Amino acid sequence: MTEDTLFAKIETKGKSLAKQLERVLREFEEIKLQEPGDLSSPDLFILDVGEDPEGELDRFRPLLQSSLKNEVFITSAVSESQIILMAMRAGAKEFLPQPIDEEDFKHAIAGFIARREQACTGEEVGRGRIINVMGGKGGAGATTIAVNLALAVAMRDSLSKVVLFDMHKRLGEIPVFLSFKPAFDWSEITKDIDRLDDTFLMNILYKHSSGAYVLPAPARMNNYMPLMPDTLDLLMDKMQRLFDIVVVDSGNPLEDTACKLFERAWTNLMISTPSMPYVVTAGRILASLKSAGYRSDSAKIVVNRITKHPEVPLSDVETYLSAPIFWSVPNDYKTVSASINRGAAIVQEAAKSAVAKNIQGLADALLHGEKKRKKKWLFK
Ligand SMILES: Nc1ncnc2c1ncn2[C@@H]1O[C@H](COP(=O)(O)OP(=O)(O)OP(=O)(O)O)[C@@H](O)[C@H]1O
Ligand SMILES: [Mg+2]
């Protein structure tokens with residue numbers, strides 16, 4: 001045993017679960033099981049909350065909160081989202097559903113050891129860049145661009161950790177675009193943002209096959225508090241610590257929380273189509289942001305759904321918005337709507353299409369500068 005040995009304590013309802021957990025723990029030479037009767041605070045506490053999670057968490061509360069550097073894993077035969085939330089609020093780092101998947105458990109233990117090593121070396125985690133995707137008038141293509149941009153970055157650079165966050169108040173559409181059933185949305189995790197542990201947050205985000213993580217919006221009217229600007233700040237602090245790129249489908253750009261995001265973002269994309277109602281709405285949003293004191297001229301204009309002969313010529317769009325067009329995305333209703341209807345991202349399922357290549361180009365232009373930027377206007 002060395003000075004660096006980590007002590008683990010297991011508390012289960014049944015002997016066979018304890019034996020299984022102990023057997024796996026013994027495979028890790030960094031970890032030693034605490035002797036029975038040893039009342040000191042362990043480095044890792046694995047607690048089976050059985051069928052009374054609330055009571056069990058209450059009973060162990062002093063131990064759960066005894067030291068900031070200790071970690072708690074909670075396991076239960078019931079893995080409903082309410083119990084997982086309760087575990088998170090009690091400060092758990094991991095939730096292990098029963099029967100235990102040993103590979104997942106080993107992964108969780110390896111993560112625990114790595115975090116302890118990182119804490120010893122004092123390694124710093126980087127600051128992620130926020131890309132705020134703002135739609136002006138509904139249907140401009142904000143969700144299409146946010147989803148595919150996030151996935152394009154995740155697929156292009158597997159070393160970049162990317163999260164896609166849907167800030168809409170309700171009826172978020174990202175799970176439809178990517179055909180998954182979310183276990184959690186932001187309304188559930190922001191309620192107790194102060195107690196939201198980084199590792200736990202990573203565990204409850206949906207992980208898409210592209211490598212991007214997703215935090216969706218509530219699917220219906222939510223009973224929780226709306227996302228307030230201060231809460232957004234705390235959530236973004238965490239997201240930027242955990243991810244290199246945070247892509248946000250930001251919803252109504254003029255709400256207080258969206259303005260806060262605008263101020264904080266590394267890049268703001270204003271999405272419009274080349275048709276007058278969209279251009280006018282985009283212009284009004286930028287003007288409103290400017291009159292409220294935000295640097296709206298820093299927003300990058302992206303014109304979506306351009307054709308050979310756009311309803312409003314692109315030069316007129318620039319004149320009207322008094323800003324250059326940063327990027328334009330071709331109109332390809334067949335490919336885009338087919339992808340959305342199949343719940344498959346364009347950059348994954350139709351990777352060779354012009355729209356997919358264009359959005360990959362947008363990712364390059366944003367992250368790697370002008371060098372790789374393709375022709376600004378596809379049709380002129
Ligand atoms: N480049 C494109 N080519 C053709 N059709 C597109 C393109 N981009 C988006 N669309 C279509 O436009 C519709 C609206 O797109 P999307 O849902 O992304 O817009 P939005 O700005 O997020 O809308 P909302 O304000 O309702 O959230 C979709 O049905 C999609 O099929
Ligand atoms: Mg949308």
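The values are calculated or read from the model by the stated rules, or taken from the named source; none is laboratory data. Worth saying up front: this structure is predicted, and the values here are computed from it rather than measured. Every residue, glycine among them, receives a Cβ derived from its backbone with ideal geometry; neighbour counts consider all protein chains shown.
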Fill in: Cβ pairs under 7 Å, 6+ apart, first in region 173-200 and assigned by TED's automatic domain parsing to the domain that holds residue 215, second in a helix (DSSP H, G or I) and small (Gly, Ala, Ser)
183/81; 184/81; 199/111
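Any residue in region 24-43 that is under 27 Å from residue 192 (Cα atoms), crowded, with 16+ Cβ neighbours inside 10 Å and at pLDDT 90 or above?
Going through region 24-43, the residues under 27 Å from residue 192 (Cα atoms) turn out to be 41-43.
If we keep only those that are crowded, with 16+ Cβ neighbours inside 10 Å too, we end up with 42-43.
Those still in the list that are at pLDDT 90 or above too: none.
No.
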Practice prompt. For region 150-159, enumerate the residues that are surrounded by 18 or more Cβ atoms within 10 Å (Cβ to Cβ) and either within 16 Å of ligand 1 (Cβ to nearest atom) or within 22 Å of residue 237 (Cα to Cα) (or both).
Written response: 150, 151, 152, 153, 154
Worksheet item: Can you find a residue in region 228-248 that is within 16 Å of ligand 1 (Cβ to nearest atom), outside any helix (DSSP H, G or I) and surrounded by fewer than 22 Cβ atoms within 10 Å (Cβ to Cβ)?
Response: no
Discussion item. What's the total number of residues in region 145-165 that are more than 23 Å from residue 333 (Cα to Cα), outside any loop (DSSP other than H, G, I, E, B) and of a type outside the set (A, V, I, L, M, F, W, C)?
Written reply: 1
Fill in: Residues of region 179-216 that turn out to be in contact with a Pro (Cβ under 9 Å, 6 or more places away or on another chain) and modelled with pLDDT of 85 or more, as a count
11
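If you check residue 182 against the conditions, is it under 30 Å from residue 280 (Cβ atoms), more than 16 Å from ligand 1 (Cβ to nearest atom) and in a loop (DSSP other than H, G, I, E, B)? Before you say what the answer is, go through the steps one by one.
Working: under 30 Å from residue 280 (Cβ atoms): no; more than 16 Å from ligand 1 (Cβ to nearest atom): yes; in a loop (DSSP other than H, G, I, E, B): yes.
Here the answer is no, as residue 182 does not meet what is asked.
Quick test for you: out of 94, 103, 117, pick the one residue that is acidic (Asp, Glu), away from ligand 2 (no atom under 15 Å from the Cβ) and either touching a residue at least 60 places away in the same chain (Cβ under 8 Å) or within 19 Å of residue 186 (Cβ to Cβ) (or both). So that I can check it myself, show each step before the final result.
On the way: 103 fails: either touching a residue at least 60 places away in the same chain (Cβ under 8 Å) or within 19 Å of residue 186 (Cβ to Cβ) (or both); 117 fails: either touching a residue at least 60 places away in the same chain (Cβ under 8 Å) or within 19 Å of residue 186 (Cβ to Cβ) (or both).
On inspection, the qualifying residue turns out to be 94.
Of the residues in region 162-198, how many are of a type in the set (Ser, Thr, Tyr) and either touching a strand residue (DSSP E or B) at 6+ places or on another chain (Cβ under 9 Å) or surrounded by 18 or more Cβ atoms within 10 Å (Cβ to Cβ) (or both)?
First, pick out the residues of region 162-198 that are of a type in the set (Ser, Thr, Tyr): 179, 187, 190.
Checking which are either touching a strand residue (DSSP E or B) at 6+ places or on another chain (Cβ under 9 Å) or surrounded by 18 or more Cβ atoms within 10 Å (Cβ to Cβ) (or both) leaves us with 187, 190.
Within region 162-198, residues that are of a type in the set (Ser, Thr, Tyr) and either touching a strand residue (DSSP E or B) at 6+ places or on another chain (Cβ under 9 Å) or surrounded by 18 or more Cβ atoms within 10 Å (Cβ to Cβ) (or both) number 2.
Checking the conditions here, which among 341, 304 is within 16 Å of ligand 2 (Cβ to nearest atom), without any contact (Cβ under 8 Å) to a residue 60 or more places away in the chain and not aliphatic (A, V, I, L, M)? Quick ask: steps written out before the conclusion?
Numbers: 304 fails: without any contact (Cβ under 8 Å) to a residue 60 or more places away in the chain.
On inspection, the qualifying residue turns out to be 341.
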Worksheet, complete the sentence: residue 269 vs (1) within 16 Å of ligand 1 (Cβ to nearest atom); (2) surrounded by fewer than 18 Cβ atoms within 10 Å (Cβ to Cβ); (3) over 17 Å from the mean Cα position of the chain (by Cα): all pass except (2)
Worksheet item: From the set of residues in region 258-272 that are within 16 Å of ligand 2 (Cβ to nearest atom) and part of a helix (DSSP H, G or I), which is modelled with the lowest pLDDT?
Response: 258
